[in-house]
1. Please return the ranges of helices (runs of 4 or more DSSP H) entirely within the range 292-388 where 2 or more residues are at pLDDT 85 or above, touching a helix residue (DSSP H, G or I) at 6+ places or on another chain (Cβ under 8 Å) and of a type in the set (G, A, S).
2. Whether any residue in the range 212-227 is loosely packed, with under 13 Cβ neighbours inside 10 Å and under 17 Å from the mean Cα position of the chain (by Cα) is what I want to check.
3. Just the residues that are out of contact with any Ser or Thr (no Cβ under 7 Å at 6 or more places or on another chain) and either part of a helix (DSSP H, G or I) or within 15 Å of L107 (Cβ to Cβ) (or both), please, taken from the range 70-87.
4. Within the range 35-42, can one find any residue that is hydrophobic (A, V, I, L, M, F, W, C) and surrounded by fewer than 17 Cβ atoms within 10 Å (Cβ to Cβ)?
5. Would you be able to say whether some residue in the range 153-163 is touching a residue at least 60 places away in the same chain (Cβ under 8 Å) and either small (G, A, S) or in a loop (DSSP other than H, G, I, E, B) (or both)?
6. Quick test of your reading of the structure: N261 fulfils all but one of (1) assigned to a loop (DSSP other than H, G, I, E, B); (2) touching a residue at least 40 places away in the same chain (Cβ under 8 Å); (3) in contact with a strand residue (DSSP E or B) (Cβ under 9 Å, 6 or more places away or on another chain); (4) not basic (K, R). Name the failing condition by number.
Amino acid sequence: SKRVNPVMHMNHKAGDKMYVDYAGKTLSIIEKDTGEIKEVQFFVAILGASQHTYAEASMSQQKEDFVTSVENAMRFFEGVPAAIVPDNLKSAVIKSSRFEPTINETLADLAEHYETTILPARAYKPRDKSLAEGAVKILYRRIYVHLKQKQFYSLEELNQQIWDLLDAHNHKKLTGRPYSRYELFIEDEKQKLRPLPQERFEIKYQSFATVMQNGHALLSQDKSYYSVPYQYVRKKVKLLYTKTTVEIFYKYNRIAIHPRNYKPYDYTTVAEHLASTHQFVADWSASRFIDWANNIDQNVADYIIQIIESRNHPEQAYKSCLGILNFEKKVGKQRLINACKRALDFRIYSFKAIQNILENNLDNAENEQEEEFDLPNHNNIRGKNYYK
């Protein structure tokens, strides 16, 4: 078919900008099990030139969800625009904890991964801005209204419905024009988008640690340990981690990379990292003591975790753990459980405390002696907050 060029009215350069925004009004889904109504966000992305549009519901406007939505939009358009223009997102100002990169760093990383640019909101002409807002308004009329009257029990179910309505929207002829957004996109814009990278983007978080005597660094977010080559013992290192991977850097060199392990107090160890003179005793790991304690009782496990957390190095705690858990054989399970309960109330975490409670029969709740009895006050044991 012959294209009538003057009719193809394009204010924007093809492949140039993708505008992203959230609708002011939220949608909702119903939790199947609880019947609780959860608010969900309505995300919209629109290509400047063809006005081809993508939309989806997501759980929040926080950066993890925002970045995923922006990615989903590019995957939907099957290409990367020269720039992404976020409109004044809440995500841009959500305060970061010390583990979290700011939204700006995250967006910069996303842009680098997709080889595009982020144009800060408001830095472009107000006339452009109306494009994303206009898209939100039209979608509101065409999609939103249909969704409001229905009940959805999952994000997937809601999105399926959104995408069906979206498809109709993109294929509908533009007002007073003989072509649709989709036709305009295929004709003019699709080939101007750059190809997508194969891998999806993963947010990188960072954390710092001093390598312990046993050649492992602590990822404080998960409380799990990762080995590094032995020469880095006592050195300060930086951990950069994603959902799946933990990389460890000393100065600017990467010295180790591991799959991320979410199990607290667990060790992820590469045998080559350990010096032959100091093969770390892998059996003596915190998770082993916690599992053992859990098999006795929740209170015992809580106490063992407190012991491990109150020491600077887990190894300092292992002897205490071993001693405490061995009391089960000597005094029986119930007395050990009661002693741990007592010590948890006193907030004193040591082998000696449990030993004193048992020797003085303070594990017996009826025993009134406790008023005169002083548990050892271990000033040499620094509480876990000391090290923060």
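The values are calculated or read from the model by the stated rules, or taken from the named source; none is laboratory data. Note that this is a predicted model, so its numbers are computed, not measured. Positions of Cβ are backbone-derived with ideal geometry, glycine not excepted, and every protein chain shown enters the neighbour counts.
1. Fully inside the range 292-388 and qualifying: 314-331, 333-346.
2. No, the range 212-227 has no match at all.
3. Selection gives V70, E71, N72, A73, M74, R75, F76, F77, V85, P86, D87.
4. yes
5. There is at least one residue in the range 153-163 that is touching a residue at least 60 places away in the same chain (Cβ under 8 Å) and either small (G, A, S) or in a loop (DSSP other than H, G, I, E, B) (or both).
6. It is condition (2) that N261 fails.
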